[in-house]
Amino acid sequence: PADTRDAAQARVRSAPAPVTDVARLCVCDLLVAQCDTNCCCDPDCSAEDFSLFTTCSVPVVIGDSQLCSQKAAVYSLDVEANPPERIFKLIDQVNPSIFCIHATNYKQALYLKSPEIPTAKNFDQLLEKFGGATFSAEPDSWNLDTDAQNPPEANETSRYEYGAPVQTEDAFLRLPSPVVSSWCSDANPAGFLVNQATKCIRSVSVEKCDSIQALSMLFYINSSILASVFQVNITVQSVVVQSLNGMRTLLSSSEVLRLPMVLDELCINAVLGVNYHITHTDTGEIIEAAAAFVLGAISREALSIEQSFEISFTQENTQPVPLSGNPGYVVGLPVRAGFQPQGYPFPAAFPFAPLALSSNKHSQLTILHSTSTQDCLAAQGARAPVLFGYNMISGCKLRITAAMKCQPLAQTLLDVLKGQSFPEYVASFGNSQAQDVLDWVPITQLHISEQMIPHSLQSSCQIPVSLGIEVKWTKYGSLVNPQARIVNVTATITSTTLKQLPSGRERIIPITSSVVFTDISSPAEPSYKAWPTINIKLPFDFFYPFV
Amino acid sequence: NNSSQLSSLPLHILLHVNGVYYIFYFSATLAMIIYKSQVFSYPDDFLAPDLAVLFLMAILEVPRLYLGFKGNLTEAEAPLGLSLGLTVGSVLLCVYLLLWQTYVLWADVLLNAVLLSAYGLESGLKVMAIAAFVS
């Protein structure tokens, strides 16, 4: 009785047998016990339904077309007859290819595998095989290794590549970040050369604050980073203590490790932010690691705190200069500009002398920034950086009274339009170095004066009213990954004549400045590698004894 | 004087043709097995026996042809008889490739049928040659 019951259960639980007879298969039969429109193979349709069809949506039902000869069910509508009727033919379809399958001794070749029905006996095995997030198509040949935390040998971690997780003794250098929701997840590894800044929320309670690992400094500097032959310890660069009202104090001695502890219903020395600075060589070996902490206090009512984390990578012996692209400009990053220092001769005369172009942030290419007051003279100094690829226009209004003198006004307006230090050179690539003179494009300055009256007097007043910067760029490099390169920068100042106003009157003149980026790339020409040539030389006595 | 020469010329020609045809057959069958393994689902448990049979047949072919030539030219029945025995083995392997391979393509059927007919004709000629040498 137990056996028959098991057998009956097994029969009930097995999947229904697959249908392989082409005469009975119908893919367009979707509605149960109803006729699907234009479905000629639907068994629920009667002859009257067929007379209403216009075409057959499924004309042929066939098995694997690679077989040499197989049955095919052909459905068609005979529209000549009145009423139209469906024609069903079962024909033998022949594959004329010489590589058609004549016979096969491997049953699973032509059919999809029926899935195993889980029973009490094979459930554990099926769960192990298919229960994870992924499973391989050939489970017998691969072994699923779910433990991905194995750190490889030391000689593999010597050189890091961009994006590779930075490995430490136990696992990876952790940069807690929000995953899915805003709660901190500690499983986010820091990628090499990937500068990241994350903010996330961690749930805390003041009573258990010294037992929560993520609040203590040790958690972040505990393990040392694996790099080439030795391990790099993470040093504490600085500690800033933030009080409850937000005031931050830099501690003078940063060697002392401050651990969180409960004091007067507050939890002090809790980590609110960590800023990692990793120094590396140009070959990808990490040589130094430092962490700057922000410690704070948590009050009793707080159930969660926000922690912020940042990591930045610097190459040794260099000053970190933010690049605007590598090598082509990236849309949205500022256009880098610079000056030629005084005393250096014109670059063309000395092509090999390295020109030190100062490219600090304050001498960037900037444009007038429109303010809410729209008064040119009041808003001097508000500038916005020119971002590559973003056409900008800004302006202000200038109120001219009779008392204003021409020359100082013109000079003021020139300052308003161009800024305090208008650069002379613009970098042609996003990563142009200051010492490569040829990578910098000089800014061409043009002056256009609008003559309102053709026969104006010589002593009439010309004031600049608009500055138009046109940046011409081209696509450079390979066809699949073109890089943006600035070719020409022209700054055009348009001046207009200022007529002398009668006293007491005033005029308002609009002043505009704009930046336009124009793509002047010529259409790309694909070029192909040369055909390989085969050099065959016969030895000179090859045709002995005939020659 | 033709009557004193017992070596069979048709057998010699057929052995030559068989040798050349076998080289073509081996490379074509190997290429088709590689093609099948890429296009169809061909697990290793099924691929191994097919390849083993093909290479075994190639290994058997060399002594079989050599003994056939030698026996025919030296008019000795022992090598010819041995060659006949090896031919039986080759016929069985050829039948396997024709009927019991994992995927039998139409080109497989053609190649194996031609080879089987060549083997059959050869066996007939060898039997006649042995009869001529013995008597």
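Structure notes:
- This ranking places A:T496, A:T249, A:T134 by how few other beta-carbon atoms lie within 10 Å of each, fewest first, which gives A:T134, A:T249, A:T496.
- Rounded to 5, percent antiparallel among DSSP beta bridges of the protein assembly as shown: 70
- Here's how it looks for A:V441: its modeled amide H is under 5 Å from those of A:V426, A:A427, A:S428, which are all 5 or more places away or on a different chain.
- Positive-pole candidate from A:T283, A:F429, A:Y160, dipole of the protein assembly as shown, charges at beta carbon: A:F429
- Here the 3J(HN,Hα) profile of region A:503-509, calculated from phi with Karplus coefficients 6.51, -1.76 and 1.60 at θ = phi - 60°, is 5, x, 8, 9, 10, 10, 10 Hz, Gly and Pro shown as x.
- Note on B:K126: lysines with a C-alpha under 30 Å away, same-chain residues under 8 apart excluded, are B:K70.
- Annotation: amide H-H contacts under 5 Å for A:S304 (H modelled 1.01 Å from N, sequence separation of 5 or more, or interchain): A:V204.
- Selection from A:I508, A:L218, B:A28, by position along the positive dipole direction of the protein assembly as shown (Cβ): A:I508
- Averaged over peptide A:95-105, the number of partner chain Cβ atoms lying within 10 Å of each residue's Cβ comes to 6.
- Taking a Cβ cut-off of under 12 Å around B:Y21, the surrounding Lys, Arg, Asp and Glu residues balance to a net charge of -2, with basic ones at +1 and acidic ones at -1.
- Over the protein assembly as shown: helical MRE at 222 nm, DSSP H runs n ≥ 4 each giving -39500 (n - 2.57), nearest 500: -8000 deg cm²/dmol
- Put simply, the amide H of A:W183, placed in the peptide plane, has neighbours under 5 Å in A:I201, leaving out anything fewer than 5 places away on its chain.
- Rule-of-thumb Rg ratio for chain B [Cα; 2.2 N^0.38 Å; N residues]: 1.18
- Pairs exceeding 20 Å between alpha-carbon atoms, taken from A:K71/A:K107; A:K397/A:K499; A:K397/A:K418; A:K129/B:K36; A:K405/A:K499: A:K129/B:K36.
- Peptide B:94-107, shielding by other chains (average Cβ, 10 Å cutoff): 4
- In percent, rounded to a whole number, the relative contact order of region A:22-109 is 24, using alpha-carbon pairs under 8 Å and six or more apart.
- Neighbourhood net charge (12 Å Cβ-Cβ; Lys/Arg +1, Asp/Glu -1) for A:S299: -2
Read-outs throughout are calculated quantities, based only on the coordinates presented, and are distinct from any laboratory measurement. Since this is a predicted model, take the numbers as computed values, not measurements. Every residue, glycine among them, receives a Cβ derived from its backbone with ideal geometry; neighbour counts consider all protein chains shown.
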